[in-house]
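Peer 1: Below is one structure. I have some questions about it.
The values are calculated or read from the model by the stated rules, or taken from the named source; none is laboratory data. Small disclaimer: the values here were computed from a predicted structure and weren't measured. Here the Cβ positions follow ideal geometry from the backbone for every residue, glycine too, while neighbour counts run over all protein chains shown.
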Amino acid sequence: MTGSEAHALLVKAKDYVDEHYNYGSIFLDTEDEYGDSMSVYRGHTVPPERGDIPKFHVRCSDFYDRWNDRVDDVTVAASIVTLFHEAVGHGFQLRSAYMRQDDPLCSVLAMNFCACQASGRYYGDYDPSDYGIDCDKWPYFSQCHEMAAQYLGLKFARDYMHGSGMFPFDVERVLCEYEDVRLPDSDFITVSDGFHFGNVDQILEQFELQFPGVVRGKHEYQFSRRELFDEKVSVKGPIDLLENAFSKDGSDCRSKRLSNCRDGMKQDQMAASVFVDRYPQNKFPALSGVELRPDKAFGYISDPMKPMPPDSVLKLSYLVELMDDDRNDAGPDLDGPE
Ligand SMILES: [Zn+2]
């Protein structure tokens, strides 16, 4: 199909998400806030300020650039996954999961989200080699709240594409190709060389199996003084709270503690404590059982949560159950009469 046809399908999907999920405002545009064109393979969610709602961006330069020319099926499918990743995956987390108290999985996700808000460098939403960081995997792919958003994005995009009947290709095959395209880049899940997925359920199953490892796995974080920062990060990136915190006298040991720690949840606790300390109004209800006082978080003996969640509660499919609960709690009128 052409770029304009692909764009029309994305607009329909956006209308569907607005109607059925409605976690915030969705924008389909061509360039990001800095004027850079952006591919449908990458979206962006702006978290809400207090009392506000989130904003979800899917930037479709791939379609505008090829308005009357053919775009490949994988790019079309990718745009739908990106839409659902942002507006459903992140939307559900921000508006529902992080608002739940006494739910260990929601606490784990909210803590990782806040840790990423503390530092673009910790979040790792850029190519680490540009910044002299040598690692196999982008730090981004070690962020469990992103993995959860991608799981929900892939699952609900697949369901929507099947249900709508508007996509003139084999949805399962194309989504597996999309996942294969992403894999060489390194991704949330690792598979053996030459392995290809046969259907989306197999991908979701691997997400589920590998999720606890991502929650607990080490985040590659290397503190860098501001003068070492590329202009792109220091000027365009979000304010780096970790950088500011660690630049103060006597904080060097904290930056080393964070980069050397091998326990991903403990690293999240440290980074999130810096964010919540600076923005206490952004302490989500899901963080009420999490130890986020910086002096405790950076201490050696303090676990982030008591008790620490076992692998058995780190289940991505459980988030789908929570979404179903949300719908039922909203009452029988949500989807109209049966
Ligand atoms: Zn995301």
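Peer 1: Go over the candidates 133, 80 one by one and state the one that is of a type in the set (A, V, I, L, M) and at pLDDT below 90.
Peer 2: Matching residue, one of 133, 80: 133.
Peer 1: For the stretch 88-108, which positions are away from the ligand (no atom under 12 Å from the Cβ) and of a type in the set (A, V, I, L, M)?
Peer 2: Matches in the stretch 88-108: 97, 99, 105, 108.
Results for (1) in contact with a helix residue (DSSP H, G or I) (Cβ under 6 Å, 6 or more places away or on another chain); (2) among the charged types (D, E, K, R); (3) at pLDDT below 90, shown as yes or no for each residue.
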| position | (1), (2), (3) |
| --- | --- |
| 12 | no, yes, no |
| 32 | no, yes, yes |
| 37 | yes, no, yes |
| 42 | no, yes, yes |
| 48 | no, no, yes |
| 51 | no, no, yes |
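Peer 1: Considering only residues that are more than 12 Å from the ligand (Cβ to nearest atom), surrounded by fewer than 20 Cβ atoms within 10 Å (Cβ to Cβ) and among the hydrophobic types (A, V, I, L, M, F, W, C), which ones fall in the stretch 39-62?
Peer 2: Within the stretch 39-62, 53 is the sole residue that qualifies.
Peer 1: Which one of 156, 113, 141 is surrounded by fewer than 22 Cβ atoms within 10 Å (Cβ to Cβ), within 16 Å of the ligand (Cβ to nearest atom) and at pLDDT 85 or above?
Peer 2: 141
Peer 1: Only one of (1) among the aliphatic types (A, V, I, L, M); (2) modelled with pLDDT under 95; (3) in a helix (DSSP H, G or I) fails for residue 191. Which number is that?
Peer 2: (3)
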